[in-house]
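Just below is one structure, and these are the notes that go with it.
Here, each number is a calculation from the coordinates, and none is a lab measurement. Keep in mind the model is a prediction, meaning the values are calculated, not measured. Cβ sites come from the backbone with ideal geometry, for glycine too, and all protein chains shown count toward neighbours.
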Amino acid sequence: MIEGTGNVHAGSAGPVILPRSEHTISRRDIDPDALKILFRLQRLGFTAYLTGGAVRDMLLGRTPKDFDIATDARPNQIRKYFANAFIIGRRFRLAHIRFRGGKTIEVATFRRDPGPVAEGAGPGESAPAYAFGTPEEDAWRRDITVNALFYDPATATVIDHVGGVADLRQGRIRMIGDAGVRFGEDPVRIWRVIRYAARLGFAIDADIGAAIREQRDLLCGCSEARLYEEFSKDLLGPQTRAVVSLLGEYGVLRLLLGRIGEAYESDPALAAELAALLEIADREKMRAPAQAGREGGDVSLEETACLLFWPWAAPQIGTSGADPFPLLKKAFLGAGMAVALPKGMRAQVIDLLTLAARLARALQDGRMRWSVRQRPQYALASRLCFIVTQRRAPAEGESFETLYQGAFPGQPAAAGRPRRRRGRRSKPAAQ
Ligand code: ATP
Ligand code: MG
């Protein structure tokens, strides 16, 4: 293994194996269903390890979001032995083992890096589907060293082929292989490097930083669906504020969000407002953390997306009296975002932003049409209005209505159920 740069290359030394006395992972911290799958696979004669973020996070004393398993059992074998296993995946096949309550544990067969020439795959679409490999090859095909550790529950050891344990201890993000090549194979790795550096508070080695700046434009060639998938991970996952701000520092936000990202990267006042709002979202997520194997806590994707877009959108909604919906839709479509929000989601975000802006205006001028409470988006819009005007989430018993009554004590405010006009529908979600 060649050290001393941001890139780590394969050598012949074999893995470093950490016995139980040298790491902090306790079986008690592992999801019992994940443990059952691991032991079952091992009893069947397969190799099976816990891997990825779960090992990384447990070594850092954090609670993992999910427990991914890597094994030499093939997808069809996994399906054969686990009745609740479903084979999924376009880029490569893997098994999702589903449990009651929506919990899913991902079981992937060890793969090797198919190399830079992935036939038929465009940028960001790495992979011929069936390049299975050994555990060691599987470690080397991963993105950064701290994400490539295995935990073997049978021996309670951590298996490190790539120097990830040392990097965890030193707080370093290092790329497996040559950063330039690995980013070229799959530009989404640029985003992932930034994400984990931000989430873990780790340093990105200078030469990886340089490779990011050189190759960040490649992200624009990734499929919209893939970029949206990554985008949702950052909105639902922890530390959205830190991730978005680091994406901005590396000039990646302007690629992902077009003009919107450009505005955030170049206007410190907008960036400060954005940071404050995302910080609130992050704190709310901590209050209701995502459970293992499930996406998101109490804070929805739409809510964090609205907070992300608010500082850019609010000044455009304006007070001209024109319907802000088409105005904002045009601004979104014209922003040149590489991340394409699905149509329905975009419509919903625009609807929420315009409604929240309307409520915020009512707090200024007292002019409130309470019939908007009929709108399905009202609850979330009023919460957003609370957050953007008060710069904090509403506490128990607080709402937009308490703000309104505080500002205009003489007004009838929300008294009684509002009338519902017959035949009137709320703004359609599709366009
Ligand atoms: P978390 O789930 O907490 O965000 P994670 O590290 O488990 O973190 P996943 O997106 O679940 O992230 O990916 C699981 C593992 O798969 C990663 O730890 C990494 O080893 C590997 N991986 C994911 N995406 C890539 C990629 N684009 N290139 C190489 N390896 C990847
Ligand atoms: Mg994971």
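Just a few scattered comments:
- Rounded tilt (10° steps) of 32-43 against the dominant C-alpha axis of the chain: 20
- Residue-by-residue Karplus 3J(HN,Hα) for region 50-59, coefficients 6.51, -1.76, 1.60, Hz, glycine and proline x: 7, 8, x, x, 5, 5, 3, 5, 5, 5
- The Cβ shell under 14 Å around A407 holds other residues with a net charge of -1, Lys and Arg each +1, Asp and Glu each -1.
- Gap separating the Cα centres of region 1-76 and region 300-341, nearest whole Å: 42
- Only Cα pairs under 8 Å and 6+ residues apart enter the sum, and on that basis the relative contact order of the chain stands at 12 percent.
- Global dimensions of the chain from alpha-carbon coordinates: Rg and Dmax equal 24.0, 79 Å.
- Per-peptide packing, taken as the mean over residues of other Cβ atoms within 10 Å, places 147-153, 367-373, 345-351, 229-235 in the sequence 147-153, 345-351, 229-235, 367-373 from highest down.
- Relative contact order %, region 7-176, counting alpha carbon pairs below 8 Å whose residues are six or more apart: 27
- Value in Å of the Kirkwood radius, where region 7-176 supplies the Cα pairs that are averaged: 16.4
- Report note on the peptides 158-170, 206-218: ranked by the mean count of other C-beta atoms within 10 Å, highest first, their order is 158-170, 206-218.
- Candidates D267, D143, D33: whichever shows maximal mean-square fluctuation once the chain is modelled as a Gaussian network with Cα springs under 10 Å: D267
- Max mean-square fluctuation residue, GNM over the chain, Cα-Cα springs under 10 Å, options L327, L200, L50: L327
- ³J(HN,Hα) computed for each position of region 300-306 - Karplus, 6.51 cos²θ - 1.76 cosθ + 1.60, integer Hz, glycine/proline x: 7, 4, 5, 5, 5, 4, 4
- Residue among L35, L333, L278 with the largest mean-square fluctuation in a Gaussian network model of the chain, springs linking Cα atoms under 10 Å: L333
- Stokes-Einstein D for region 237-386, Kirkwood Rh over Cα pairs, 10 °C, 1.306 mPa s (µm²/s): 99
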